[in-house]
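So the structure is just underneath, and the comments pick up after that.
Derivation of every value follows stated rules applied to the coordinates shown; laboratory data play no part. All values reported here derive from a predicted model rather than from experimental measurement. We place every Cβ from the backbone using ideal geometry, glycine too, and count neighbours over all the protein chains shown.
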Amino acid sequence: MSLPGFKRIQYDFAAHIRDPGNILGPQGIEDRRMMIYRELFYNNVEGFMASGFPILRSLYDEDAWHLLMRDYFSRHRAKTPHFPEMAEEFVHYLRNEFVRSDDDPAFILELAHYEWMETALRLSRGCLTDISFDRQGDLMHESIVISPLAWLLFYEWPVHAISRTYRPIAKPDQPTWIIIYRDHQDDVGFIQANPVTARLFELLDNEERSLSGERALEQIAQELEHPRPEVIIAGGMDTLRQLWAKDIVLGTVWSPDSSI
């Protein structure tokens, strides 16, 4: 499709900024001037990614990191111009376009997703004050309300433990469950959950069927075929109290009688 001259220049301008190593700049524009735009656009994106994915950044030396950023910058077509949403764009790139080399960690996608989740939760427009619930309700015998600002995450790699000094080579035998949450003070926290806690969260975080703590724990005991269900229920009671204290469990379904 033929384009008007000014649009052709715009396309050539953007293409060169994305991939200056392979695409020439628009004719008639001094390279010294183009360099200002090349550095401005790239440095803005690279700086945001470095601050948005600090753990991932720490795993790369300068050359390897900029090689990764250049590949993202040249290949990915972002759907948003907003900087706060760019972390999600980078995760999309890793999932759909990125070709991992032997120098890239096998857990790169999961680690990036884990780091992005904190940003996503901080930016979530959800508000706990808009939800009706009884904060002092009976968690064991009344239907429980889970915070919409609490998300259960599943990873094959121990992403919460990865750092510059700990880079696992092989996947562990057990996966990692993490509950990320934002409390009433808008502070974001993380909890590493065991399989029972993760299953309890799944059962309670169900819009179609609201369960009491006791019903959910009884179901877990049946699924585990545990010879002493009371052990699961007793431990689950303590877990519910801990989740309640962190605003992951908000309370129970509110009813007019709750205020009496």
Phi to ³J(HN,Hα) by Karplus 6.51 cos²θ - 1.76 cosθ + 1.60 over the range 73-82, Hz, x for Gly, Pro: 5, 8, 9, 7, 9, 5, 8, 9, x, 7
Taking HIS76, HIS226 and counting other C-beta atoms within 10 Å, the order from fewest to most: HIS226, HIS76
Estimated [θ] at 222 nm from DSSP helical runs (n ≥ 4, -39500 (n - 2.57)) normalised by residues in the chain, nearest 500: -15000 deg cm²/dmol
For the range 1-58 versus the range 207-253, the gap between their alpha-carbon centres in whole angstrom: 53 Å
Candidate aspartates and glutamates for bridging to LYS246, where Cα separation is under 14 Å - those fewer than 8 sequence places away on the same chain excluded: ASP183, ASP186, ASP187, ASP238
Within-13-Å neighbourhood charge of GLY28 [Cβ basis; K, R +1; D, E -1]: -1
In the range 147-207, GluC sites (Glu not before Pro) in a DSSP loop with at most 16 other beta-carbon atoms within 10 Å: GLU156, GLU207
More than 23 Å apart - percent of Cα-Cα pairs taken over the range 127-259: 38 percent
For the range 195-211, Karplus couplings with θ = phi - 60° (6.51, -1.76, 1.60), whole Hz, Gly/Pro x: x, 5, 5, 4, 5, 4, 4, 4, 5, 7, 8, 9, 5, 8, 9, 8, 10
Per-pair calculated FRET efficiency, R0 = 35 Å: ASP187 and GLN219 via Cβ, rounded to 0.05: 0.65
HN-Hα J in Hz across the range 47-52 - Karplus 6.51, -1.76, 1.60, θ = phi - 60°, x for Gly and Pro: x, 5, 5, 5, 7, x
Partner lysines for LYS79 [C-alpha distance under 26 Å; skip if fewer than 8 residues away on the same chain]: LYS7
Sites ILE169 and ALA78, calculated FRET efficiency, Cβ-Cβ separation with R0 35 Å, nearest 0.05: 0.60
Candidates per trypsin sites (Lys or Arg not before Pro) in the range 77-124, loop by DSSP, up to 10 other Cβ within 10 Å: ARG77, LYS79
Extension gain, ARG209 back to GLU230 (0.36 nm per residue minus Cα-Cα distance, nm): 5.2 nm
